[in-house]
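Read the structure below first, then the notes.
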Amino acid sequence: MAVPPPGESALVDLINSLPEHEGTWGPPITTETTLNGVPYAPFSKSDKLGRMADWTDNKDGRDGRGGRQQFNRNFRDQQVYGAGSASLFTPPVAEDEASFSVVSNVRDSTKTRFGRGAVFTRGRGGQRGGRGDSRAAGGRQQFQRAGRGGQYGGGYDNRGGARGGGNARGGRRFGWKDYDKPARNRDASINIKPNWTLLEEIDYNRLSKLNLETDEGEDIDSYGFVNAYDRSYDKPPVKNSERKLLALDRAAYNVTTSVDPIIQELADKEEATIFATDSILSMLMCAPRSVYSWDIVIVRQGNKVFFDKRDNAALDMVTVNENAADAPLEASEGSKDSINQPTALAEEATYINHNFANQVVLEQHKVSMAHENPFYSPEESVPPASKAYKYRRFDLSTTEESPTYLIVRTELDAVQKSALNNENQFVTVHALNEFDSKAQGSGGGLDWRTKLVSQRGAVVATEMKNNSCKLARWTVQSILAKADVMKIGFVSRANPKTNDKHVIIGVVGWKPKDFANQMNLQLSNGWGIVRTIADMVLQQPEGKYILVKDPNKNILRLYQVPAGSLDDEEEEVAEPVQEAEE
């Protein structure tokens, strides 16, 4: 039998069947305010647990010792437990209004690279300015524009708090809006073609962990001659009588590995497995210090590996302030000064190094090697430069079962008599150049004319920082050649606005190994890099490969290059090797 829908009478019967209560619907109301003798207060689901106890000892928190829970904007909207009623746990309001502050909920709309409202502390040099505080300026707070070391660069008195920021500890070293500067986007030293096959990517972290101990090497043969070094350049120049850098017409040669006739003969005699020049080898050994892009052409013929360079490659140029925190800007990066762009500075530095090495030698005193210069022809009208070529062999073997040797062509620039035993000491000569100590890209360098004599250590330390890769390469080349002394000249522009006239500020000499220790340069790491790259190529079939430094990342990439892919000038690199192998 179907049950009819409940009507009004059925609803009344249902209500009457429920238990009766005198008050409202819900649990019975009680007047008890304690539970087992402990008072309690009503609560709701919206209540949140706040502080159970306050151990701040009435501190306001602004002196750095303000208790365990100071003001935090993340907790400003939370409710205290029992806030919906007259809670018995709410502490009384303190009478002290010294800690009273108004908190604004309005957020700053300024958005920077570090997020909204990023705050940069000025350190001790911002408000106090070294020893002088804001009271020295009439109670006003002086802010700095944070040039070099927190200094605006103007003529503020040290008591005013601006120049003191440059010397105070903790001063900011950011320039004006450094955080808004765009990231560098440099071009590669060579165009990567689509038909090149990427074989390996090696980051600098892997390179820095490589290690291979080798001996000091042995001399195979020597060619050319060197002139005596002029020691008068070691003396600081007299004031207002600086020596001008002269342009001497001397023939210098920078022949790549595969074109070198001496290396071809040594390869035919199976004297080694790996062949290179000191310029190419030093770049590979100092790769973790490099910033700019470069490339090395690697040719495998049979069981031999040849490290070559392209004509007019980046390896032939001398970089300037490559490792500086604020390196010179390219034209595409906003540089308006054409003579201070990286390309122009590299050409200027290469020109300076060539002429400086020719100027600091005495041509009337000459020491000849066992053989004549292999690259000079008597029919040439220009006399050869002072240069000796030493071919040296190094043992890169890891096991006695598979010996691996490397032959490198090294260069020496001059010779001098030892002050102890009057014996000949071979010298390598290089030159650092200063374009403008106040221009962008100078790397915070000191003025050489006024500081080189009085603060030589500071000048050299700055150059080690700004030109770490270049100085490391020169040091490696000197050690590979087993030079006794490494001379480094300091050459500056006669006028910072022009780059065609230069003066010699001074010359400083070091023992190559001592200078390597000062730079924290480990040759064992460099030999590990060379052996690793050579093993990678030996595992591949015969052909041509190219190792490229990424222009914007600390990565080396090894590509396999198809035959005929490079330019005609580059294609000629492997031809002499092929003839030698045949």
Residue hits (the stretch 295-316; more than 21 Å from residue 188 (Cβ to Cβ) and among the polar types (S, T, N, Q)) are 301, 303
Selection count, the stretch 368-417, where residues are in contact with a Pro (Cβ under 8 Å, 6 or more places away or on another chain) and surrounded by fewer than 20 Cβ atoms within 10 Å (Cβ to Cβ)
5
Output the number of the condition that residue 547 fails; it satisfies all remaining conditions of (1) in contact with a Leu (Cβ under 6 Å, 6 or more places away or on another chain); (2) surrounded by fewer than 22 Cβ atoms within 10 Å (Cβ to Cβ).
(2)
When the stretch 313-332 is examined, which residues are found to be surrounded by 16 or more Cβ atoms within 10 Å (Cβ to Cβ), out of contact with any helix residue (DSSP H, G or I) (no Cβ under 7 Å at 6 or more places or on another chain) and either of a type in the set (Lys, Arg) or in a helix (DSSP H, G or I) (or both)?
314
Quick check: anything in the stretch 466-480 surrounded by 15 or more Cβ atoms within 10 Å (Cβ to Cβ), touching a residue at least 12 places away in the same chain (Cβ under 8 Å) and among the basic types (Lys, Arg)?
yes
So which strands (runs of 3 or more DSSP E) are wholly in the stretch 438-552 and hold at least 2 residues that are of a type in the set (Gly, Ala, Ser)?
485-493, 502-510
List the pairs whose first member sits in the stretch 485-510 and is in the same structural domain as residue 351 (by TED's automatic domain parsing), whose second member is of a type in the set (Asp, Glu) and assigned to a strand (DSSP E or B), and whose Cβ atoms are under 6 Å apart, counting only residues at least 6 apart or on separate chains?
492/434
Among the residues of the stretch 368-380, are any in contact with a Leu (Cβ under 7 Å, 6 or more places away or on another chain) and modelled with pLDDT of 90 or more?
no
Answer yes or no as to whether residue 420 is out of contact with any Ser or Thr (no Cβ under 8 Å at 6 or more places or on another chain) and surrounded by fewer than 23 Cβ atoms within 10 Å (Cβ to Cβ).
yes
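The values are calculated or read from the model by the stated rules, or taken from the named source; none is laboratory data. Since the structure is predicted, the reported quantities are computational estimates derived from the model, not experimental observations. With ideal geometry, Cβ positions are generated from the backbone for all residues, glycine too; neighbour counts draw on all protein chains shown.
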